[in-house]
């Protein structure tokens, strides 16, 4: 069966397109072919002027010349666009055991992308990505919470001080960002809040689940973060929510902490906290039943935070976990009496052995 049936003349674009076999032409080929036929028809009906044709269709004169040369040499059948690309695509050379290992780790860590899974293998990121894609095991397919959308929140307009663009962040505690998430749980749509706290320098994060939308919980989170970092916090960045006023604002004033606010309805001003909220929703919600008591939710959340801070590689930290950055750059001397050496001991037995490079 021929792809093109020859004809004597060009009577119209629709007439010419009907002469091609639609079953053997893909939609994109038919669209490109129609555009090329329009250029040639306009060229024939307007004095065969190549410059005017190129200006009319916003293309180059060489492109018009190429189409004219193809029509004269091969006929209208030569105008059919051909599929570009290599004849034989490069595959991935993986052993059967390596494929099994990639699938196993992908199922162990459903919310980890191919760049984070790279720490377990010697293959490149592209090799792991192409194999996961061939097996339909990308994060958006295997993570139950990937398509979780953040719940919109309204802001409270107050007098605020903006964070300077050149604010220096070099050491832990220089800037800590906080944010909260509200979820509606169960058939009665009961509210469940998550208060998150992240250190910008090390990306060490804390989070807690609560049913009270008050400023007491963020104040306690700020105190826990100072104990965890073993240093004083200099500045905090929050949005304009009511949970970051009252007791929280008073605690910042008593401790001499600068309190910066983001602009109303501008979540990009606190992008680090918003990104952690998304990671929490995609990586933790599907692991825990949010309808159970809050104390059980916080126990499961503590285990997930250990994985996040100790095991999970971060792209912004050169594929290292936050603890590795903290210990490598900012850990105090072992002989300092103020340092609690048991602070970062694991609370459960980990299934996987990961080598953390300091």
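Show the residue pairs meeting these rules: Cβ distance below 7 Å; 6+ apart or different chains; first residue within segment 83-100 and over 16 Å from residue 126 (Cβ atoms); second residue outside any helix (DSSP H, G or I).
Final answer for the pair search is none.
State which residue is nearest to residue 133 (Cα to Cα) when the search covers only segment 38-95 and only residues that are part of a loop (DSSP other than H, G, I, E, B) and in contact with a helix residue (DSSP H, G or I) (Cβ under 7 Å, 6 or more places away or on another chain).
Checking each candidate, the answer is 92.
What is the one condition in (1) surrounded by fewer than 21 Cβ atoms within 10 Å (Cβ to Cβ); (2) within 24 Å of residue 286 (Cβ to Cβ) that residue 196 does not satisfy?
All conditions are met except number (1).
Look at segment 97-126 and say how many of its residues are assigned to a helix (DSSP H, G or I), crowded, with 18+ Cβ neighbours inside 10 Å and in contact with a helix residue (DSSP H, G or I) (Cβ under 9 Å, 6 or more places away or on another chain).
7
What number of residues within segment 222-247 are within 29 Å of the chain's Cα centre (by Cα), buried (at least 17 other Cβ atoms within 10 Å of the Cβ) and more than 21 Å from residue 163 (Cα to Cα)?
Total satisfying the criteria: 2.
Among the residues of segment 250-268, which ones are out of contact with any helix residue (DSSP H, G or I) (no Cβ under 9 Å at 6 or more places or on another chain) and either assigned to a helix (DSSP H, G or I) or not assigned by TED's automatic domain parsing to the domain that holds residue 208 (or both)?
Answer for segment 250-268, where residues must be out of contact with any helix residue (DSSP H, G or I) (no Cβ under 9 Å at 6 or more places or on another chain) and either assigned to a helix (DSSP H, G or I) or not assigned by TED's automatic domain parsing to the domain that holds residue 208 (or both): 253, 254.
Evaluate the following for residue 76: is it surrounded by 13 or more Cβ atoms within 10 Å (Cβ to Cβ) and in contact with a strand residue (DSSP E or B) (Cβ under 7 Å, 6 or more places away or on another chain)?
It is true that residue 76 is surrounded by 13 or more Cβ atoms within 10 Å (Cβ to Cβ) and in contact with a strand residue (DSSP E or B) (Cβ under 7 Å, 6 or more places away or on another chain).
State all residues of segment 176-200 that are in a loop (DSSP other than H, G, I, E, B) and within 20 Å of the chain's Cα centre (by Cα); if no residue qualifies, say none.
Result: 200, single match.
The values are calculated or read from the model by the stated rules, or taken from the named source; none is laboratory data. Keep in mind that this is a model prediction, so the values were computed, not measured. All Cβ positions, glycine included, derive from the backbone under ideal geometry; neighbour counts span all protein chains shown.
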